[in-house]
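Please read the structure below before turning to the comments.
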Amino acid sequence: MATEPGSSIRETRAGKSGTLCSVTLRPEFKVKIPISPLLLDDFISNRERKITIGRDKHKFLVENYLKNGGRTNFDLNKGQNTYDPRPQGEGLGQILQYITWKSEQTGEQDLKKVIKEADVVCWRGSITKMAASPYEENGTGWKIAIDKFEDVLFFHDMETDTQIANMEKQTEWEKKCTYWGHKFETYIFAERGKDPTPDEPVSTWEEMGAAFFTIFPGSPEAKEAEVKAFYAAEMDGLDSENRHVEVKTQAHGLWKGQFFQKKAMKWWIQSHIVDINYLIVGIRNNNGIVNRVEKVDLDNITRRCDQWNGNVIKEADVVCWRGMITKMAASPYEENGTGWKFAIEKFQNTFFFHEMDTDAIIQNTEKQNEEDKKYSYWGHKFETYIFAERGKDPTPDEPVSTWEEMKAAFFTVIPGNSETKEAEIKVFYAAEMDGLDSENRHVEVKTQAHKLWKNKYFQKKAMKWWIQSHIVGINYLVVGIRDEKGIVSRLEKVDLEVLRERCNQWNGNVCLRTFQHVVNQVRTRYDQLVKPDEILIIERKPNENTVSFLVVPKNSTEILTPEFRKKFEKSRSSS
């Protein structure tokens, strides 16, 4: 970054000092920055810190541990008394060795050409520390010495006062947690074709590394120039397809707490910049026992960690539940349904949709008979037979309750289209989810009387199945085929693509474009129709092809809670 307005320079005995720049969160930095890391070479560094190019001594992931729900019983305490760690803070020695080797191998003497015209040479850790700065409030900080040589900036990590103080007062528990991370690798990595060797002493002197090059493109919105970076990273190992893989340990479970959010941010940064798409995480208890191993997609980390995404709702135009999208999307093919009705409030330039009961829904609820209630119960009961807690059996004999439910939050962009003349919309939405499969993917389950594909009514049901599954990235459904007495005699796995192909009475593109059209009409007309103390209600009644609107006082329906308003009004004013 260039020196910012207001920077000052001071002369001291140690030299000049001052403020170089700010690393606070800036709205213009939320613009997506596409990078394509290029792997240059892998290498191994030995105890003497000499590097050997290639993958001959690399370790490979033992992927059997991902089967059977990832259940394991790894004791990370073994061998701690023989732990042989290398010192921290070794400088750029190995990177300089690699650059020298590259020059000799290619016969190129021009440094800039050897490192692909890079502006910066550093370790991956330096990038991670700087990149995490906007969200690091109480960390150890970072300190980097920089030397410019042949028009290239060489970044050398230095210890901050906080890091030095932390090392001096490091507890036995902290040392143990560090050891556990290295010990975990001995259980799940092995030389190609061999078994892991967790009984051998743990040493960090010999390590795998790799050199990368990437371009951080310039951005007119952020007013930042392009940066070309040449960097190296310590790598954990390779998977069966020879892709780099990172492994981590985490206490008790994922996604819980602010501390995990910060940890996950660093996981994402360090993996993203070396083109790693997933992590292997060992879930441990406080005694150092790993009882399961999970595969975590990098995209899932960005979806589920909302404290460092730059904007909690990712600049969305709309916030709603998945069910609302399904209802609007199904409209072109819904003739005799119950219609839909939504109250809408515009807040911080985002439209929040709140579902309301239509007259038809109210009437249907009032006259619901025992048969209707039975069908509804059967759907929930079916889930108790085919879902269970990890590592346990289903519990269909226990009472059915819908008070505790699983949910997930999603973000998607429906692109604009010149033919339909519809503008792009960005949607942030949540959905109640049924459960996960053995690969930790969301799965939807349904029940169906007698068989699939048989009539027009099934076509309409299948359309809603497709919409609600497609927009949350689900690729297949599990359907229980039942009789009139509520006995499920078989299960069928139905691919979403097959569902769309075999149902010819609706078109998925039409459904999604209809939702997009309704949202765009709200965006276009809201400010013309609604005053600051009002909200908008839109309704599509049964058997009607039009959507009507009504403007009502804001206090007639609570869409946003006072606590929510206070938090985000404060957030907007502070940024």
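Quick notes
- Given charges at Cβ of Lys, Arg, Asp, Glu: the chain dipole, positive-most of 548, 149, 202: 548
- Rounded to the nearest 10 degrees, the angle from helix 508-529 to the longest Cα principal axis of the chain is 90 degrees.
- Where the alpha-carbon atoms of the range 193-325 are placed on the principal axes, they occupy 55, 41, 27 Å, in descending order.
- Candidates 301, 242, 58 compared by Cα position along the dipole of the range 9-304: farthest toward the positive end lies 301, with charges placed on Cβ.
- Helix axis angle, 257-272 relative to the chain longest principal axis, alpha carbon, degrees: 70
- Column: log10 I(q)/I(0), Debye, Cα scatterers of the range 318-512, q = 0.18 Å⁻¹: -1.60
- Stretchable slack from residue 356 to residue 77, in nm (0.36 nm times residue separation minus alpha-carbon distance): 94.9 nm
- Dipole magnitude of the chain about its Cα centre (Cβ charges: Lys, Arg +1; Asp, Glu -1), debye to nearest 20: 740
- Protection proxy ranking of 420-427, 264-271 - average other beta-carbon atoms within 10 Å, highest first: 264-271, 420-427
- Where labels lie 7 Å past Cα in the beta-carbon direction, separation of residue 487 and residue 56 in nm: 6.8
- Given their separation in residues at 0.36 nm each and the Cα-Cα distance between them, residue 561 and residue 502 gain 16.8 nm when the chain is fully extended.
- Cross-link pairs beyond the 32 Å C-alpha cut-off, checked among 169/566; 223/426; 67/176; 57/263: 169/566
- Between 375, 347, 400, the Cα set farthest toward the positive side of the dipole of the range 346-407 (charges on each charged residue's Cβ, about the Cα centre) is that of 347.
- The length gained on full extension between residue 409 and residue 36, counted as 0.36 nm times the residue separation minus their Cα-Cα distance, comes to 131.6 nm.
- For the peptides 75-83, 517-525, 183-191, the ranking by packing is 183-191, 517-525, 75-83, with the highest mean count of neighbouring Cβ atoms within 10 Å listed first.
- In degrees, nearest ten, helix 172-188 long axis to first principal axis of the chain (Cα): 80
- Residue by residue, the range 330-345 carries 3J(HN,Hα) couplings of 7, 3, x, 10, 9, 9, 10, x, 9, x, 8, 8, 10, 8, 10, 10 Hz when phi is fed to the Karplus relation 6.51 cos²θ - 1.76 cosθ + 1.60 (θ = phi - 60°); x denotes Gly or Pro.
- Net charge dipole size for the range 275-382 [Lys, Arg +1 and Asp, Glu -1 on Cβ; Debye, nearest 20]: 540
- Lys, Arg +1 and Asp, Glu -1 on Cβ, resulting dipole of the range 318-512 about Cα centre, debye, nearest 20: 480
- Computed log₁₀ I(q)/I(0) - Debye formula, equal Cα scatterers, no solvent, the range 416-556, q 0.11 Å⁻¹: -0.60
- Set of the range 326-356 residues, backbone N closer than 11 Å to the point 7 Å along the Cα-Cβ line of residue 365: 356
- Share antiparallel - DSSP beta bridges, the chain, percent rounded to 5: 75
- Alpha carbon centroid spacing (whole Å) that separates the range 179-227 from the range 71-117: 10
- Residue 380/residue 29 FRET efficiency (R0 51 Å; Cβ-Cβ; nearest 0.05): 0.70
- Dimensions of the chain from C-alpha coordinates, computed as largest minus smallest value along each principal axis and given longest first, are 81, 58, 48 Å.
- Beta bridges per DSSP, both residues in the range 9-304: antiparallel share near 75 percent.
- Listed by chain and number, the lysines whose alpha-carbon sits under 27 Å from that of residue 485, ignoring those within fewer than 8 places in the same chain, are 367, 373, 374, 381, 446, 451, 454, 456, 460, 461, 464, 493.
Values quoted throughout were computed directly from the atomic coordinates according to the rules given, and no laboratory measurement underlies them. Here the structure is a predicted model, which means the values were calculated and not measured. Quick reminder, even Gly has a Cβ in these numbers, built from the backbone with ideal geometry, and neighbours come from all protein chains shown.
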